[in-house]
Amino acid sequence: MLKMKYKGRTFSNGRSLANAMTRDMNSEIERKMRQAASSSGVRLRKTHKGFEIEGDANSMARFNNRIGR
C-alpha cells in the first residue's frame with residue numbers, strides 16, 4: 001500500500017488526496033479574491049453562479065490589477 005502525506009495528513013487513497021488538494025486550492029483562491037476585494041474597495045459576494053463583484057469603475061480597475069499580480 002502506498003501512503004502519501006499532504007499538509008500533515010496521510011492519504012492511502014488517491015481520490016481523497018485529490019479531493020483535499022482541490023479543496024485547498026479553491027479555499028486559497030477564494031481567500032486571495034476576498035483579500036483583493038477588501039483592499040481595493042469592491043464588494044465580493046459568493047452566489048450559486050460563482051462570485052459577483054460590485055463597485056465603481058476605479059475600484060474595479062484596482063481589483064483587476066490586484067488579481068493580475
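Data for the structure
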quantity	calculated
Sole residue being more than 12 Å from the chain's Cα centre (by Cα) and surrounded by fewer than 13 Cβ atoms within 10 Å (Cβ to Cβ), chosen from Arg15, Arg66	Arg15
Region 25-45: number of residues that are among the hydrophobic types (A, V, I, L, M, F, W, C), surrounded by 17 or more Cβ atoms within 10 Å (Cβ to Cβ) and in a helix (DSSP H, G or I)	3
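Read the figures in this text as sums done on the coordinates, not as results from a lab. In this text the structure is predicted, and so the values were computed from the model without any measurement. Methodologically, a virtual Cβ is constructed for each residue, glycine included, from the backbone with ideal geometry; neighbour enumeration extends over all protein chains shown.
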